[in-house]
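Chemist: Take this structure, written in C-alpha cells, and hold onto it; I'll ask about it next.
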Amino acid sequence: MTQIKTRTVTWGSIVGAAAFREGIEDYQAGRAPNFDKYLRIKDGSWNYERGRQYAAACAGAGLQPQPNRCGRSVSRIAIYDFAQNYGPNGIL
C-alpha cells in the first residue's frame, strides 16, 4: 500500500476556513458531526474535524474558542491559540 502524498498547510488556512468555524459551532451546539458536508471542498472535512477538536479542547479547559475572523482577516489570536493546542506541545 502506498502512502498518500502530503503537503504543507498553514495555521491560517485551517483557522480561516468556514468548515473550521462550522465544526466549532456544531460541537458547541451538541450536533452530531456532519463530515460529508465538506467533501467537495479541498481539506473541508479535515478542517471541520479540526474545528470540532479545537472546540472540545477548549471546552475541556473551561475556555471559549477564539473567533476565527476579525473583519475580513483571519484572527491572529485564533491562529496562535489553535497552534498552541495543536502544535508539538498541544493536546490535539
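Chemist: Being small (Gly, Ala, Ser), within 17 Å of ASP81 (Cα to Cα) and part of a helix (DSSP H, G or I) is the requirement here; does GLY51 meet it?
Modeler: Values: small (Gly, Ala, Ser): yes; within 17 Å of ASP81 (Cα to Cα): yes; part of a helix (DSSP H, G or I): yes.
So GLY51 passes the test.
Chemist: Another question, if that's okay. Could you list, in sequence order, all residues of the stretch 6-45 that are out of contact with any Pro (no Cβ under 9 Å at 6 or more places or on another chain), among the aliphatic types (A, V, I, L, M) and under 17 Å from CYS70 (Cβ atoms)?
Modeler: Keep residues of the stretch 6-45 that are out of contact with any Pro (no Cβ under 9 Å at 6 or more places or on another chain), which gives 6-20, 22, 25, 29-45.
With the extra rule that they be among the aliphatic types (A, V, I, L, M), the set shrinks to 9, 14-15, 17-19, 29, 32, 39, 41.
Residues satisfying the conditions are ILE14, VAL15, ALA17, ALA18.
Chemist: On to the next question. Against the definition (among the polar types (S, T, N, Q), out of contact with any Phe, Trp or Tyr (no Cβ under 7 Å at 6 or more places or on another chain) and surrounded by fewer than 16 Cβ atoms within 10 Å (Cβ to Cβ)), how does GLN84 come out, yes or no? Steps first, answer last, please.
Modeler: Details: among the polar types (S, T, N, Q): yes; out of contact with any Phe, Trp or Tyr (no Cβ under 7 Å at 6 or more places or on another chain): yes; surrounded by fewer than 16 Cβ atoms within 10 Å (Cβ to Cβ): yes.
For GLN84, the condition - among the polar types (S, T, N, Q), out of contact with any Phe, Trp or Tyr (no Cβ under 7 Å at 6 or more places or on another chain) and surrounded by fewer than 16 Cβ atoms within 10 Å (Cβ to Cβ) - is met.
Chemist: A further question follows. Just name the residue that is modelled with the highest pLDDT out of those in the stretch 17-45 that are surrounded by fewer than 18 Cβ atoms within 10 Å (Cβ to Cβ), hydrophobic (A, V, I, L, M, F, W, C) and in a helix (DSSP H, G or I).
Modeler: Taking the stretch 17-45 and keeping what is surrounded by fewer than 18 Cβ atoms within 10 Å (Cβ to Cβ), we get 18, 25, 28-37, 39-43.
Of the ones still in play, those that are also hydrophobic (A, V, I, L, M, F, W, C) are 18, 29, 32, 35, 39, 41.
With in a helix (DSSP H, G or I) added as a condition, the list becomes 18, 29, 35.
Values: ALA18: 90, ALA29: 96, PHE35: 83.
Among them, the one singled out is ALA29.
Chemist: So which residues in the stretch 53-73 are surrounded by 18 or more Cβ atoms within 10 Å (Cβ to Cβ) and under 16 Å from THR10 (Cβ atoms)?
Modeler: TYR54, ASN68
The values are calculated or read from the model by the stated rules, or taken from the named source; none is laboratory data. Quick caveat, the model's predicted, so the values are computed rather than measured. Ideal geometry is used to build each Cβ from the backbone, glycine not excepted, and the neighbour counts take in all protein chains shown.
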